[in-house]
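For reference, the structure is listed below as structure tokens.
The values are calculated or read from the model by the stated rules, or taken from the named source; none is laboratory data. Nothing here was measured: the structure is a model prediction, and the numbers come from that model. Note that we place each Cβ from the backbone using ideal geometry, even for glycine, and neighbour counts take in every protein chain shown. For the accessible areas, the whole protein counts, side chains as well, though only heavy atoms, and no ligand, DNA or RNA atoms are used. Shrake-Rupley method; radii C 1.70, N 1.55, O 1.52, S 1.80 Å.
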Amino acid sequence: MSASPTAAGRSPADPVRALQHALYRTAKADPGRRFHALRDKVFRRDVLWRAWVAVHRNGGAPGIDHTTLAAVQEYGVTRLLDEVAVELREGRYRPLPTRRVLIPKPGNKAELRPLSIPAVRDRIVQSACKIVLEPIFEADMLPCSFGFRPKRSPHDALQVLVDEAWRGRRWVVETDIANCFSAIPHEKLMQAVEERVCDQAVLKLLRAMLRSGVMSDGVVRREVTGTPQGGPISPLLCNVYLHRLDRAWDVREHGVLVRFADDAVVMCHSRRQVEAALARLTELLSELGLEPKAAKTRITHLTEDGPGVDFLGFHHRWVRAEGRTGGKGVAFLARWPADKAMQRARDRIRELTDRRRMLLRVEVIVEDVNRFLRGWAGYFRYGNSALRFEKIRSYAVMRLAGFVAKKHRRTRAFGRWVIAFASDNQLGLIRLDGTVVAPRPFRAWRVVSNAGGERRR
């Protein structure tokens, strides 16, 4: 057996990953340990470079200094990282206020969500802090938390719903924490961070990020609550704070909690338990200075022909499949794209096939629509989504037919004829049938291959 590079005295292939593994193992081995020597890790050259790679991959708009990613590359990435490292080492780094942007909330364009965009250099520093701090807090995170965590996905959370419904927990609380990112008290958040971190330089850096303020209409406001949504470190800080909710939750008494950032559901056995769970959840959030959003909080009993639950883009409903030989069949928790998700898909396809893009070639439009459909279907294929996939593809065909007709100044019937008969493959529009993987209780949702003969719909 050959020795590992580290054991042989050589440096590991990925020193940043090795650093994260070391921090995670140390934190996992000693739950009461507080880390005091993290400052030098944040401005390490390889950590800052990894942070730049993450920022560049994520893209995004410039902050209040109007510096774009392209401008940073023109200035010199190495040069900028060296300057940031010197400022961090000497304690001179000061983050700029973030730029406030209001974007419409998905499914409700009348309601706007505040987004705070840090400058590129500040996003790099936030990402570097996340690289160092995330493995420490990840060692404490509980299985009920799924949002914005490494190696955890929305489908992992959705699988818990399938498993627990099969176990008989079909009374459900669904809720959303009101203004979670903007309502978290800074002092209580820092107390949660200090449970694991006592490096004063790092704590000072985090406080500077929280108090950097937000610029809106030329005016800078500095709040005492909130971790501005839009920065790389905001989801981590949100999870660190809401971890207090997770560890105070009693599964035996109040049911199974499934939390994805500020969205949560609780699966319970009975009406009495579900009502107690909602009261306990409200109490715990109140202790944290938060509250559930009344408009999105409700109790649902999953029964045949009864109402369902919307969670993470899917609509979940208890249904019964007909038996092949006329028997009673099997009841199970099915899920498919929610109505809001369907509407957002139609809106996006409508944008891609809008008449304002009439000067582009049809092949370009089809390529753009295919790119969207692959991403959309890649998420929603893990469900009972075949009928809704068929509806979305039919809508895409209709929009493409209208686009072709307008481009040639003909009727929509001409566009349908071109797609159906003048093209061997419907202009190259991808098909979505045969891609759906239905969830099964107590089975891994991720399917790598079809070697086992899994049926596709």
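Things to note:
- Matching residues in the range 373-385 - criterion: being buried (at least 16 other Cβ atoms within 10 Å of the Cβ), without any contact (Cβ under 8 Å) to a residue 60 or more places away in the chain and part of a helix (DSSP H, G or I): LEU373, TRP376, ALA377
- In the range 173-183 there is no residue matching the filter, namely being in contact with a Phe, Trp or Tyr (Cβ under 6 Å, 6 or more places away or on another chain), open to solvent by less than 30 Å² (accessible area, probe 1.4 Å) and in contact (Cβ under 8 Å) with a residue 24 or more places away in the chain.
- GLY218 fulfils the conditions (1) free of Cβ contacts under 8 Å to residues at least 24 places away in the same chain; (2) touching a helix residue (DSSP H, G or I) at 6+ places or on another chain (Cβ under 7 Å) except for a single criterion, (2).
- Selection of the range 330-357 for residues being aliphatic (A, V, I, L, M) and in contact with a strand residue (DSSP E or B) (Cβ under 8 Å, 6 or more places away or on another chain) yields VAL330, ALA331, LEU333, ALA334, ALA338, ALA341, ALA345.
- One residue stands out in the range 6-22 among those that are under 29 Å from MET141 (Cβ atoms), open to solvent by less than 60 Å² (accessible area, probe 1.4 Å) and outside any helix (DSSP H, G or I): the one that is modelled with the lowest pLDDT, namely PRO12.
- Among (1) over 21 Å from LEU206 (Cα atoms); (2) assigned to a strand (DSSP E or B); (3) under 16 Å from the mean Cα position of the chain (by Cα); (4) of a type outside the set (Val, Ile, Thr) - the single one LEU115 does not satisfy: (1)
- Picking from residues in the range 194-235 that are of a type in the set (Lys, Arg) and in a loop (DSSP other than H, G, I, E, B), the one that is least open to solvent (accessible area, probe 1.4 Å) is ARG196.
- Checking every residue in the range 407-421 against the condition of being over 33 Å from the mean Cα position of the chain (by Cα), closer than 30 Å to VAL437 by Cβ and open to solvent by 50 Å² or more (accessible area, probe 1.4 Å) gives at least one match.
- Neighbours by Cβ (under 7 Å, 6+ apart or cross-chain): first from the range 16-45, on the phi < 0 side of the Ramachandran plot; second crowded, with 17+ Cβ neighbours inside 10 Å and part of a strand (DSSP E or B): ARG34/VAL197; PHE35/VAL197; LEU38/VAL197
- Qualifying position, being assigned to a helix (DSSP H, G or I), open to solvent by 90 Å² or more (accessible area, probe 1.4 Å), modelled with pLDDT of 95 or more and not acidic (Asp, Glu), among ARG25, ARG50: ARG25
- Qualifying residue in the range 236-246 (condition: touching a residue at least 40 places away in the same chain (Cβ under 8 Å), among the acidic types (Asp, Glu), open to solvent by less than 30 Å² (accessible area, probe 1.4 Å) and touching a helix residue (DSSP H, G or I) at 6+ places or on another chain (Cβ under 8 Å)): no
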